[in-house]
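For reference, the structure discussed in these notes is given below.
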Amino acid sequence: MPAHVLILGGTTEARRLAAGLAARPGVRVTTSLAGRVARPAALPGEVRTGGFGGPRGLADWLRAHRVDALVDATHPFAASITANAVHAARDAGVPAVVLRRPGWRPGPGDRWYDVPSLAAAAEALPGLGRRVLLTTGRLGLAAFAHLDGLHFVVRSVDPPDPPLPRDTRVVLARGPFTVAGETELLRAHRVDVLVTKDSGGAATSAKLTAARDLALPVLVVRRPPLPEGARAVPDVAGAWQWLGLGEGPDTPG
Ligand code: NAP
């Protein structure tokens, strides 16, 4: 059983894992946050905030704080920190795993268009609709800033920084969201196309059901690949087992 687990956080799974480990006698758990969200919800266990200064800084941190196991539970699109984690863990000789929830897959009735990047989504948008719900997060909106003539509803946890598309309405909200709420949002703003990252998970998937019910097209930005050689588990229970702690904490997911 590891004495000190570092979780790279910023996701629901990271929170669940931290809660399970904090309740476990003899385990010290630290969650690391990037510091992007102004007021993150309280977390069980210890919390540190801000970048490590690249893979070397993270490796130093692992050694200095005697970390026995590293769980990268960051968002599937946080590719830099995941690459850093893999390198730093190798460098410091600390066992590491990536907790990567499965991506979303379309079902009957879905009108999904896969794109490899935000830039590709921006390029495809004008052919699909004029009133856009953009749920790709407040960073990266510059990819859409040149799209005059389209109306954007941008939903994010914190207010987005410019540059933004000229005709933008910002909706501040934090998931999880419900199908009824998402349907109401799409209807209220007369949205005719949705743009999302392939985040996966249940907390933000209601918009996909709402879009299907309303027969709206969805541009899905696919994930960056995992670094070569990275070991991955799909959920909290998988991370729990990888840590050698048995079947899973009381907070599965
Ligand atoms: P990123 O591009 O992969 O990371 C950029 C830099 O931010 C990293 O090199 C690292 O700086 C620092 N960083 C990122 N995550 C960190 C963490 N958990 N603890 C300490 N430093 C961290 O990441 P991002 O896409 O900006 O995401 C930042 C955070 O937001 C992540 O923790 C992620 O889980 C969360 N998040 C991201 C998304 C998304 O769509 N990207 C969505 C929801 C939540 P140093 O090199 O200085 O160490």
Query raised in the report: Which pairs have Cβ atoms under 6 Å, sit 6 or more apart or on different chains, and link a residue in the stretch 44-61 that is farther than 16 Å from Thr31 by Cα to one that is modelled with pLDDT of 95 or more and not in a strand (DSSP E or B)?
Result: Pro55/Asn84; Pro55/His87; Pro55/Ala88
Query raised in the report: Got at least one residue in the stretch 218-234 being surrounded by 13 or more Cβ atoms within 10 Å (Cβ to Cβ) and of a type in the set (Asp, Glu)?
Result: no
Requested in this report: Have a look at Arg169, Arg174 and point out the one that is open to solvent by 60 Å² or more (accessible area, probe 1.4 Å), under 23 Å from the mean Cα position of the chain (by Cα) and more than 14 Å from the ligand (Cβ to nearest atom).
Outcome: Arg169
Requested in this report: For the stretch 86-105, state whether one or more residues are open to solvent by 30 Å² or more (accessible area, probe 1.4 Å), outside the structural domain of Leu208 (by TED's automatic domain parsing) and among the acidic types (Asp, Glu).
Outcome: yes
Report summary line: When the stretch 137-157 is checked residue by residue, the ones that are at pLDDT 95 or above, open to solvent by less than 40 Å² (accessible area, probe 1.4 Å) and either within 16 Å of the ligand (Cβ to nearest atom) or among the charged types (D, E, K, R) (or both) are Leu141, Ala143, Phe144, Val154, Arg155
Query raised in the report: Of all residues in the stretch 25-58, which are within 21 Å of Ala237 (Cα to Cα) and either within 12 Å of the ligand (Cβ to nearest atom) or modelled with pLDDT under 95 (or both)?
Result: Pro25, Gly26, Thr30, Thr31, Ser32, Leu43
Report summary line: Heads up, the strands (runs of 3 or more DSSP E) in the stretch 7-77 (entirely inside) with at least 3 residues that are over 17 Å from Pro95 (Cα atoms), open to solvent by 20 Å² or more (accessible area, probe 1.4 Å) and out of contact with any Lys or Arg (no Cβ under 9 Å at 6 or more places or on another chain) are 46-49
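The values are calculated or read from the model by the stated rules, or taken from the named source; none is laboratory data. Bear in mind that the values here come from a model prediction, so they are computed numbers and not experimental data. Every residue, glycine among them, receives a Cβ derived from its backbone with ideal geometry; neighbour counts consider all protein chains shown. Only protein heavy atoms, including side chains, enter the accessible area calculation; ligands, DNA and RNA are left aside. Shrake-Rupley method; radii C 1.70, N 1.55, O 1.52, S 1.80 Å.
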